[in-house]
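Take a look at the structure below.
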Amino acid sequence: MRKQKETDPGKEEEEEGGVTVAHRAESVALRLYVAGQTPKSLTALANLKKLCDEHLVAKYKIEIEVIDLMEKPQLALADQILVIPTLVRKLPAPIKKIIGDLSNTERVLVGLDIHGSKEHFPTEEEG
């Protein structure tokens, strides 16, 4: 017999056979600011998709919005974007920003304060 109960926003618990199991339903909203189809913009988008697939999709509901400032430059004001590419974590609060092509997965996860599904990142010495 399964009973569902809500304990706090973004987290559900199920009771099955007297054991309570928590399920993460926390949303992560990411906004990537780019400038057209430049190599850095394309690399940042590819790295973001890879990071989400490998580290976040198992734990979070991911929403990615890509904003091309060549098409809509006025949108840079909302998040005070001065350099591109820039990744902005809108949710969960507080807002966090990472500048660059997002090639260093560990730094991106730490900088955005998002805990991925893999607990250990190899150091340069480990490979």
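Placing a pseudo-label 7 Å from each Cα along the Cα-to-Cβ vector at Glu106 and Val83 gives an inter-label distance of 2.1 nm. Normalised Debye scattering of the stretch 27-112 at q = 0.16 Å⁻¹ gives log10 I(q)/I(0) of -0.56, counting only Cα atoms as equal scatterers and leaving out solvent.
Each value in this text was obtained by applying a stated rule to the coordinates, not by laboratory testing. This is a predicted model, so every value here is computed, not measured. As a convention, Cβ positions derive from the backbone with ideal geometry for all residues, glycine included, and neighbour counts pool all protein chains shown.
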